[in-house]
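Beneath this line is the structure, given in structure tokens, with notes to follow.
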Amino acid sequence: MEYKTRKYPQFSPCGLNCGLCPRYHTVGSSRCPGCAGEGFSDVHPPCGVLSCNQRRGLEYCFECDNFPCKKYDKADSSADSFITHRKQMSDMEKARQMGMAAYAAELNRKIEILEDLIENYNDGRRKGFYGLAVNLLEFKDVEEIMANIKSDVTPQMTVKEKAAKVVALFQSIADEKGIYLKLQK
């Protein structure tokens, strides 16, 4: 099924932050354009949530009178794929409360931060970790870590040393908040 291209494919109708997924930031044929982004149907099997939203003329499940439906019985606790599902419901509630424009602005900033982390502090093995950390941590905590990076990481450090320092900063805040920074398989 060909889906109608969405205005903001970085946030899925089911509440996943596609723009923080490692596959969204991949170059090549395995790159995912985000839910119902251009070329989505070429790289993904049919999606019941997208089909349901399209039939109902909705962009996001939280706009539906039947939300949450049985599709969300195990949301937040289900196994992760390339992206975490742990904040699926809370992110939809946040988008509903803030309004999609404000939520998208915050998510865009998180995506910019993730791109900076991948470009400048990735030793080749950290893309998934950074996406998970930026996704699960609160925006203010991510911003605080980015400020600390600017003061704690020096140009003389190797990429491996920079990555280790940045990972330690994220891990420290995550531990403090009781957030587990590994995908649930």
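Within the option set Cys52, Cys47, being out of contact with any Gly (no Cβ under 6 Å at 6 or more places or on another chain), in contact (Cβ under 8 Å) with a residue 40 or more places away in the chain and over 24 Å from Val142 (Cα atoms) holds for one residue only, Cys47.
Is it true that Arg109 is in contact (Cβ under 8 Å) with a residue 12 or more places away in the chain and either assigned to a loop (DSSP other than H, G, I, E, B) or of a type in the set (Lys, Arg) (or both)? The answer is yes for Arg109. Of all residues being under 19 Å from Asp141 (Cβ atoms) and of a type in the set (Asp, Glu) in segment 95-126, which is farthest from the chain's Cα centre (by Cα)? Just the residue, please. Among those residues, the one meeting the criterion is Asp116. Taking (1) within 26 Å of Glu138 (Cα to Cα); (2) in contact with a Phe, Trp or Tyr (Cβ under 7 Å, 6 or more places away or on another chain); (3) without any contact (Cβ under 8 Å) to a residue 60 or more places away in the chain; (4) surrounded by 19 or more Cβ atoms within 10 Å (Cβ to Cβ) in turn, Met92 satisfies each apart from (3). Note on segment 120-140: residues that are buried (at least 16 other Cβ atoms within 10 Å of the Cβ) and more than 12 Å from Leu181 (Cβ to Cβ) total 3.
Picking from Asp80, Asp123, which residue would you name as being within 25 Å of Arg31 (Cα to Cα), among the acidic types (Asp, Glu), modelled with pLDDT under 90 and not in a helix (DSSP H, G or I)? Write out each step before concluding.
Values: Asp123 fails: modelled with pLDDT under 90.
The unique qualifying residue is Asp80.
Within segment 152-185, the set of residues being under 16 Å from Ala133 (Cα atoms), among the aliphatic types (A, V, I, L, M) and not in a loop (DSSP other than H, G, I, E, B) comprises Ala163, Ala164, Val166, Val167, Ala168, Leu169, Ile173, Ala174.
The residues of segment 140-181 that are closer than 21 Å to Glu106 by Cβ and among the aromatic types (Phe, Trp, Tyr) amount to a single one, Phe170.
The values are calculated or read from the model by the stated rules, or taken from the named source; none is laboratory data. For clarity, every value in this text was computed on a predicted model and none was experimentally measured. As a convention, Cβ positions derive from the backbone with ideal geometry for all residues, glycine included, and neighbour counts pool all protein chains shown.
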